[in-house]
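The values are calculated or read from the model by the stated rules, or taken from the named source; none is laboratory data. All of these numbers come straight from a predicted model, not from anything done at the bench. Cβ placement follows ideal geometry from the backbone for every residue including glycine, while neighbour counts extend to all protein chains displayed.
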Amino acid sequence: MMRRLTSLFICLALLPAAAQALPTIECHCYQDRSYDMAKPGAADDYFLTTIQNTFFALTFDVTKKSVVKAKQQGASGADLWIAYWLADKSPRTAEDILAARIQQADWPATIAALKIDRTSLGEKFNAALTEPSAALDQVVVDDILLRLQILPASELASLRLNRASNKEVLAAALLAAKTQKQALLFLQQVQGQVATWDSLTTQNMINIQQIDQELLTTFTTLKKG
């Protein structure tokens with residue numbers, strides 16, 4: 001307990017004072033950053049977040065440092081996915097979109113305020129905008145994975161039906177591509193407590209310390225022209 005409290009205090013001390021006041025900060029000071037056979041699952045959050053942050057950075061051609069900084073300043077992971085995706089489909093920058101989101105009640109209001117052409121957003125996203133409980137960030141991630149041909153639509157649908165988060169979908173997709181097995185198999189192993197994300201990643205020779213290259217090598221469609 002004392003080690004965890006110490007880590008938390010160090011984490012908070014590293015943040016700007018203004019950022020510390022924000023209630024939605026996603027600050028992660030990971031104590032476990034590698035797989036330990038004696039503590040399977042201890043590094044799961046670190047592995048999953050690292051895979052997601054790296055995939056995000058490669059997809060939108062930004063640095064991982066900027067992703068972490070945005071989260072430290074109060075942006076949620078879900079809003080980052082949506083804002084950067086919208087920026088790719090409109091003349092607005094992700095920063096402008098995130099700033100506007102703070103001023104509006106929800107994403108439909110934000111898109112309307114910014115006068116973003118909704119016809120460019122596709123049927124699935126527009127349909128999700130009309131559903132108050134829809135996870136727009138999942139719609140965005142699914143759109144990216146399908147567009148880059150990283151997962152077949154059927155496998156992606158199976159993962160979502162089994163309540164896979166964005167992080168879990170990305171990890172399962174990476175493992176599936178590395179092993180030529182179905183992505184759902186890995187999610188089921190974790191959900192059934194047969195394995196953990198850190199154990200599966202390590203056992204299948206995915207080097208989390210070189211995740212940029214792992215993703216670029218495995219998902220060649222991520223490479224920029």
Say whether the condition of being more than 23 Å from PHE219 (Cβ to Cβ) and either under 17 Å from the mean Cα position of the chain (by Cα) or not aliphatic (A, V, I, L, M) (or both) is met by at least one residue in segment 143-165.
-> yes
Working only within segment 58-76, note down all residues that are modelled with pLDDT under 95 and part of a helix (DSSP H, G or I).
-> LYS64, LYS65, SER66, VAL67, VAL68, LYS69, ALA70, LYS71, GLN72
Just checking, how many residues over segment 118-134 are part of a helix (DSSP H, G or I), charged (D, E, K, R) and closer than 20 Å to ALA157 by Cβ?
-> 2
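Consider TYR30 carefully, then state whether it is in a loop (DSSP other than H, G, I, E, B), surrounded by 13 or more Cβ atoms within 10 Å (Cβ to Cβ), over 12 Å from the mean Cα position of the chain (by Cα) and at pLDDT below 90. Show your work before the answer.
Numbers: in a loop (DSSP other than H, G, I, E, B): yes; surrounded by 13 or more Cβ atoms within 10 Å (Cβ to Cβ): yes; over 12 Å from the mean Cα position of the chain (by Cα): yes; at pLDDT below 90: yes.
Considered against the rule, which asks whether it is in a loop (DSSP other than H, G, I, E, B), surrounded by 13 or more Cβ atoms within 10 Å (Cβ to Cβ), over 12 Å from the mean Cα position of the chain (by Cα) and at pLDDT below 90, TYR30 comes out as yes.
Give the residue, chosen from ASP137, ASP79, that is closer than 22 Å to SER165 by Cα, in contact (Cβ under 8 Å) with a residue 60 or more places away in the chain and either of a type outside the set (D, E, K, R) or assigned to a helix (DSSP H, G or I) (or both).
Numbers: ASP79 fails: in contact (Cβ under 8 Å) with a residue 60 or more places away in the chain.
Criteria check complete, one pass: ASP137.
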Look through ILE111, ILE82, ILE116, ILE97 and report the one residue that is within 30 Å of ILE208 (Cα to Cα) and modelled with pLDDT of 95 or more.
-> ILE82
Just one listed residue, out of ILE144, ILE150, is at pLDDT 95 or above and not in a helix (DSSP H, G or I), and it is ILE150
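Residues of segment 153-174 being over 23 Å from ASP61 (Cα atoms) and either aliphatic (A, V, I, L, M) or not in a loop (DSSP other than H, G, I, E, B) (or both), which ones?
Within segment 153-174, ALA153, SER154, GLU155, LEU156, ALA157, SER158, LEU159, ARG160, LEU161, ALA164 qualify.
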Among what's in segment 156-173 and is aliphatic (A, V, I, L, M) and out of contact with any helix residue (DSSP H, G or I) (no Cβ under 8 Å at 6 or more places or on another chain), pick the residue that is farthest from LEU146 (Cα to Cα).
-> LEU161
Of all residues making up segment 205-225, the number that are in a loop (DSSP other than H, G, I, E, B), modelled with pLDDT under 95 and not charged (D, E, K, R) | 1
